[in-house]
Each structure stands twice: as C-alpha cells, then as structure tokens.
Amino acid sequence: LALHDAERLVKTAEIAVSLSLEALSGISDAFDERIHQARPHHGQIICARNINSLISGSKIIKSSEEVTKNNEARPPQDPYSLRCAPQVLGAARDALSHVRRIIETEINSATDNPLIFVEDKTCLSGGNFHGQPISVAMDMLGVALTIIGNMSERRIARLIDENLNQGLPAFLIPKEVVKGIHSGFMTAQYTAAALTSENKTLAHPASVDSIPTSANFEDFVSMGSIAARKAMEILRNVEHIVAIELLCAVQGIEFRGPEKLGKGTKAAYSLIRKRVPMLREDRVLTKDIENVVDLIRSGELLDIVDNIVAED
C-alpha cells in the first residue's frame with residue numbers, strides 16, 4: 001500500500017516541480033532530452049520527459065538562449081531544487097522500481113516453514129519466512145520518499161523568499177496587504193520544514209536493527225514491520241509537503257498570469273483553484289492543505305493532468 005501511494009506521489013511531485021518552475025520563471029535547458037540520454041538512468045529520463053510535457057507551451061519558462069536574446073534579468077540556470085529535479089526524482093523513481101520488484105517477488109513466494117515439496121515427498125525446514133528483503137526494501141522506500149520531501153521543501157522556501165523568488169511578493173501575499181499583519185504562506189513553510197525534519201529521523205533504517213527472541217533461537221530478525229510502518233508515516237508527511245508546494249506554486253502563478261502556463265501546468269492549476277481559492281489575506285490554511293492532499297491521495301490531480309497531457 002505504501003509503494004502504491006508512493007508511485008503516485010512521485011508523479012505528483014513532478015507536477016509540483018513543473019508548477020514551481022512556472023512560478024519561479026524557470027529555465028527549460030535542464031530538461032533537454034540530450035542531457036539525460038548522456039547519463040541514461042531510466043528514472044531520470046522519464047522524469048525529465050514528464051516535466052517537459054507538463055510545461056510544454058509555457059510562455060513563462062524559457063531557454064537560456066531566449067533569456068539572453070531578450071536581455072531578461074534572469075540567472076542563466078536555476079538552483080539545484082529546480083534544475084536537478086530529474087536527477088533527484090529520477091533516483092527516487094528507480095528506487096521505487098526496485099522496491100516493486102522485491103514486493104512482487106515476495107507476494108508470489110512461499111514463505112512458510114517447513115516447506116513440503118510434493119513431487120519429492122520431502123519436508124524441508126528453512127528460512128523463507130525471514131523478512132529481510134522486505135525490511136531493506138521498505139527502508140529504501142522511506143529514504144526515497146524523504147528525499148522527495150526534502151527537495152519539495154527547498155522549493156517552498158524559495159517560493160516564499162522575496163530575495164530568491166524572481167520578483168514574487170514576500171510570502172506570496174499580495175503587496176497591497178499590510179506586511180506584519182498578514183503573513184501569507186510563511187507558516188505553511190514552517191509546517192513543511194517540520195515534516196521534512198521529522199522524516200529525516202524516521203528514515204533511519206529499521207533493517208539494521210535486530211533483537212533476539214525465543215531464547216536466542218530466533219537470534220537475528222528483520223524489523224520489517226517497523227520499516228513498513230515508518231515508510232507509510234513518511235509517505236503521509238511527504239503528501240502534505242508536496243501539497244504545500246502545490247499551493248505555494250499556484251499562488252505564485254497568480255502574479256505571473258495563469259494564462260501563460262503550459263498545457264499540463266494549466267490543468268493542474270485549474271483543478272487546484274477549483275478546490276482552493278487564491279490567498280488574498282490570511283486564513284487558516286489547514287483546510288486548503290487537506291483539500292490538496294485529497295487531490296493527491298485520490299489520484300484525481302494525476303489523472304486529470306495525465307489525460308490533458310496525453311491529448312498531445
């Protein structure tokens with residue numbers, strides 16, 4: 001179950017990256033197919049292709065050549081949290097693919113003890129019950145998810161920082177609103193930072209631990225159930241981190257012009273705005289965040305964006 005939701009979440013994180021690229025007036029060069037074919041990790045290639053599809057048609061995101069030609073006041077390349085998204089999310093994708101292979105093998109295996117082989121009329125005692133393959137895989141899943149959340153939080157921090165967000169207002173609150181009275185998305189970033197920090201603790205591997213039981217007869221155990229529960233907890237935290245990024249990104253896009261978005265990013269923006277109105281002055285953000293988490297967890301956001309992109 002954790003893997004199923006994680007596979008959906010990594011795709012949703014690619015949507016979040018794409019919306020953040022729009023909000024931050026990003027540079028498209030880093031998603032050029034040639035870059036990723038030169039270092040052909042499968043997940044990296046898929047991630048770059050997905051982001052390229054999502055931002056296709058954008059009038060905000062431009063190549064470095066276009067920026068130079070138009071004498072625009074933009075840096076020639078973006079920070080790692082944007083530029084290296086295919087490398088980081090791609091590594092997470094590859095990790096999830098490995099976890100899927102392990103789980104599919106386990107689900108289709110005999111794990112009883114002893115095992116009876118009817119053809120040979122043999123009964124053999126062994127260790128197929130041992131949970132180490134799942135334990136290591138679940139720890140890997142937790143690490144991969146933690147990394148997704150770490151990078152998402154860095155983009156959130158950039159989106160709200162007027163020194164780094166390419167001309168957006170501080171904390172993404174309209175400039176006509178009095179600063180100091182209204183704090184916009186400042187505390188949403190606090191929440192993302194807290195969840196990110198918590199995940200770093202939860203990501204400590206359970207699979208390296210063992211406490212003997214059964215009078216030391218069962219003297220090395222996997223702690224696989226702990227690894228799986230931790231992975232699920234990290235997953236739920238990252239869903240909220242990515243939801244906060246999506247909210248911040250669509251808020252930033254309000255100041256750029258939603259009509260300038262790419263085809264995929266426009267579909268994501270429109271769906272989120274159906275559930276959450278623009279933040280014009282402070283309100284409790286809990287409901288907004290939970291509404292977007294529901295879009296992520298249900299798969300509705302991913303399905304709608306996939307359908308729009310697939311039309312091309």
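The values are calculated or read from the model by the stated rules, or taken from the named source; none is laboratory data. Everything numeric in this text was worked out from a predicted model, so none of it was measured. We place every Cβ from the backbone using ideal geometry, glycine too, and count neighbours over all the protein chains shown. Side chains included, ligands, DNA and RNA excluded: accessible areas come from the protein's heavy atoms. Shrake-Rupley method; radii C 1.70, N 1.55, O 1.52, S 1.80 Å.
With only Lys, Arg, Asp and Glu charged, each at its Cβ (+1 for the first two, -1 for the last two), find how big the charge dipole of the stretch 272-312 is about the Cα centre; round to the nearest 20 debye.
280 debye
Cut-off 10 angstrom, C-alpha nodes, Gaussian network model of the chain. Which of P86, P258, P212 fluctuates the most?
Greatest mean-square fluctuation among the candidates belongs to P212.
Probe radius 1.4 Å, ligands and nucleic acids ignored: give me the carbon and sulfur share of the accessible area of the chain as a rounded percent.
Looking at the chain in its full context, I get 55 percent from C and S.
Relative to the Cα centre, what is the charge dipole magnitude of the chain, using +1 at the beta carbon of each Lys and Arg, -1 at the beta carbon of each Asp and Glu, and rounding to the nearest 20 debye?
Dipole magnitude for the chain comes out near 960 debye.
Heavy atoms of the protein only, probe of 1.4 Å, neighbouring chains included. What is the accessible area of F255 in Å², nearest 10?
80 Å²
Using helices alone, what [θ] at 222 nm do you get for the chain, with -39,500 (n - 2.57) per DSSP H run of 4 or more residues, divided over all residues and rounded to the nearest 500?
One gets -20000 deg cm²/dmol as the mean residue ellipticity at 222 nm.
Can you give the accessible area of T105 in Å² (nearest 10), computed on protein heavy atoms with a 1.4 Å probe?
Rounded to the nearest 10, the figure is 90 Å².
Ranked highest first by the average count of other Cβ atoms within 10 Å around their residues, in what order do 149-155, 202-208 fall?
For the peptides 149-155, 202-208, the packing ranking is 149-155, 202-208.
Gap in Å between the Cα centre of the stretch 193-212 and the Cα centre of the stretch 235-258?
One Cα centre to the other: 26 Å.
Work out the charge dipole of the stretch 147-249 with +1 on the Cβ of Lys and Arg and -1 on the Cβ of Asp and Glu about the Cα centre, then indicate which of C248, M151, A228 is farthest towards its positive end.
C248
So with the 1.4 Å probe, I'd like the accessible area per residue for the chain, rounded to whole Å².
Accessible area per residue, the chain: 49 Å².
For E65, what accessible area in Å² do you get when you roll a 1.4 Å probe over the heavy atoms of the protein chains, rounding to the nearest 10?
Ignoring ligands and nucleic acids, E65 comes out at about 140 Å².
Where in the stretch 245-283 is the amide nitrogen less than 18 Å from a point lying 7 Å along the Cα-to-Cβ axis of V177?
From the stretch 245-283, the list is 245-258, 273-283.
Springs between alpha-carbon atoms under 10 Å, Gaussian network over the chain: tell me which of A170, A215, A193 tops the mean-square fluctuations.
A215
Treat each spin label as a single point 7 Å out from the Cα along the C-beta direction, and report the E65 to D294 distance in nm.
It is 4.6 nm.
State to the nearest 20 debye the size of the charge dipole of the stretch 60-213 about its Cα centre, where the only charges are +1 on K and R beta carbons and -1 on D and E beta carbons.
About 620 debye.
In the Gaussian network model of the chain, springs joining C-alpha atoms below 10 Å, which of Q166, Q37, Q189 carries the largest mean-square fluctuation?
Q37
Taking square-rooted eigenvalues a ≥ b ≥ c of the alpha carbon gyration tensor, is the stretch 254-312 rounded, prolate or oblate, where a/c under 1.5 means rounded and, failing that, a/b exceeding b/c means prolate?
In terms of gyration-tensor shape, oblate.
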